[in-house]
Amino acid sequence: MTQQMTAPTTRYGLVQAAYWSGFCMIVLFASAYLLDAELTNAQIGVVIAAGGLLSAVLQPVVAGLADRSHRVPLRLWCSALGLVIAAVAAILLVPGLTWLLTAVFFGLLVLTVQLLQPLVNALGMAAMARGVKVNFGVARAAGSGVFALVSVGAGWAIASAGTVMVPLLIIGFQLILAAACLTFVHRGGPAVVAEETVDAPPLRVAPLTRQRWVRFFLLLAGITLSMSAHAMINNYLLQIMRHHGGDTGEMGTAVMIAALVELPVMMLWGRVVGRWSPGLLLRVAGVFFVIKTAATWLAPNLLSIYGAQLLQMLAFAVMIMASVYYVERLLPAADRIKGQAYMTMTSTAGSVVGSLAGGALLDAAGVSVMLLAATVIAGVGAVLTLFSAER
């Protein structure tokens, strides 16, 4: 019985692990690959931002097509997109590509890997809706754990063998993803919609008046600014590490530290949110984004950068988890889907702003000025979050 309960989680954990390994190679190693292709920091920012913007526009379209396509199972959609990513990465191996073509094809990688994310999540949720014993939190934590290992392993591999390892590893991980999705076949009943039990007391949520909507949109603005500061560090972490004498190997180690410290938050979130309200946790996360960004700005060496990455636990990890629960607990049922969509948009908007601003500031003034600007942006975001998040 135990084996039957854990096997679906293990197989779905492989899907998550393969997806986040590919995401790591495409997003976190974009700077390493594109700098080697002779793009400027500002151009790299445009590539990442363009991919993010297009994914935000196309995500609901692709999700809607997958949802309405009853003849094609969701696992086949995931496999197909994984193979598309592998094919685009293979094109990058063609010798003699101009910098412009390299930018276009890498932008397609950024676009497609973000299109794939909601489908990968929906794959697990659909299995759960059919009564399959999938522990989503454990499977997602497996994705973060493997993300950490891949980041450090790939970092040192690129440092020794060159940036050709980026498309090669992308291809390898996408082939694993396609196979994992294709074999994620399960037996379950028809999809069901969870309903409130009779004994469970209904949540008493105040209606969203005009004033509460204003507060909610101020909160969204605050989170967007926090995520912008986060993107300025993550998307240009290689440049930060080189500023302190490191390279892709040290960057991989820094990413590994941040990914590993997220795991306890994910695994223990049920206890955390049971003790503190999502609004309070969002405020805490906003403050720690400022502390983490300032610590990165003021870091005198690589060891201090590693120390700053430890704050990921109370900044990014708490923000991502608390934002979902904030909508579910504090918004009326009729507004929750819309609220979750707005929350999701903050990450995309933050990535776009951080990518464009970070690249421009790096080229114009260097790493220190970019991190100072990121700290100011995170500070403004924290102020907005402190005053707008409801408890």
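Select from the stretch 266-291 the residues that are under 28 Å from LEU372 (Cβ atoms) and in contact (Cβ under 8 Å) with a residue 40 or more places away in the chain and list them in ascending order.
Across the stretch 266-291, the qualifying residues are LEU281, LEU282, ARG283, ALA285, GLY286, VAL287, PHE289, VAL290.
Quick one: LYS133 ticks every box in (1) open to solvent by less than 50 Å² (accessible area, probe 1.4 Å); (2) outside any helix (DSSP H, G or I) except a single one, so which number is it?
With (1) open to solvent by less than 50 Å² (accessible area, probe 1.4 Å); (2) outside any helix (DSSP H, G or I) applied to LYS133, the lone miss is (1).
Against the conditions (1) among the hydrophobic types (A, V, I, L, M, F, W, C); (2) open to solvent by 60 Å² or more (accessible area, probe 1.4 Å); (3) at pLDDT 80 or above, where does MET345 fall short? Just the number, please.
Result: MET345 fails condition (3) only.
What pairs come out if I take residues in the stretch 148-160 that are assigned to a helix (DSSP H, G or I) and pair them with residues that are of a type in the set (Asp, Glu) whose C-beta lies under 7 Å away, six or more apart or interchain?
ALA159/ASP247
Yes or no: GLY350 over 30 Å from GLY107 (Cβ atoms) and either among the small types (Gly, Ala, Ser) or open to solvent by less than 30 Å² (accessible area, probe 1.4 Å) (or both)?
no
List pairs: first residue in the stretch 208-226 and on the phi < 0 side of the Ramachandran plot, second residue part of a helix (DSSP H, G or I) and of a type in the set (D, E, K, R) anywhere in the structure, Cβ distance under 8 angstrom, at least six positions apart or on different chains.
LEU208/ASP335
Can you pull out the residues in the stretch 353-391 that are of a type in the set (S, T, N, Q), buried (at least 16 other Cβ atoms within 10 Å of the Cβ) and out of contact with any Leu (no Cβ under 8 Å at 6 or more places or on another chain)?
Hits for the stretch 353-391 are SER355, THR375.
Which of the residues spanning the stretch 161-176 are under 22 Å from ALA259 (Cα atoms), of a type in the set (A, V, I, L, M, F, W, C) and either in contact (Cβ under 8 Å) with a residue 24 or more places away in the chain or surrounded by fewer than 17 Cβ atoms within 10 Å (Cβ to Cβ) (or both)?
Selection gives VAL166, LEU169, ILE170, PHE173, ILE176.
What is the number of the single condition among (1) in contact with a helix residue (DSSP H, G or I) (Cβ under 6 Å, 6 or more places away or on another chain); (2) closer than 22 Å to LEU298 by Cβ; (3) among the basic types (Lys, Arg) that ARG215 does not meet?
(2)
Looking at (1) modelled with pLDDT under 85; (2) on the phi > 0 side of the Ramachandran plot, which is the one condition that is false for ALA200?
The one condition ALA200 does not meet is (2).
Which condition number does ALA194 fail, the rest of (1) open to solvent by 40 Å² or more (accessible area, probe 1.4 Å); (2) modelled with pLDDT of 85 or more being met?
(2)
Please work out which residue is surrounded by the most Cβ atoms within 10 Å (Cβ to Cβ), limiting yourself to the stretch 105-127 and to residues that are of a type in the set (A, V, I, L, M) and modelled with pLDDT of 95 or more.
The extreme case among them is LEU109.
Can you go through THR10, THR40 and tell me which one is open to solvent by 50 Å² or more (accessible area, probe 1.4 Å), modelled with pLDDT of 90 or more and not small (Gly, Ala, Ser)?
THR40
From the residues in the stretch 297-317 that are more than 20 Å from GLY222 (Cβ to Cβ) and small (Gly, Ala, Ser), which one is surrounded by the most Cβ atoms within 10 Å (Cβ to Cβ)?
Per the criteria, the residue is ALA308.
On the given criteria, is LEU260 among the hydrophobic types (A, V, I, L, M, F, W, C), more than 17 Å from ASN234 (Cβ to Cβ) and surrounded by fewer than 22 Cβ atoms within 10 Å (Cβ to Cβ)?
no
The values are calculated or read from the model by the stated rules, or taken from the named source; none is laboratory data. Every value quoted in this text rests on a predicted model; they were computed, and no experiment measured them. Positions of Cβ are generated from backbone atoms using ideal geometry, with glycine treated the same way; all protein chains shown enter the neighbour counts. Heavy atoms of the whole protein, side chains included, go into the accessibility calculation; ligands, DNA and RNA do not. Shrake-Rupley method; radii C 1.70, N 1.55, O 1.52, S 1.80 Å.
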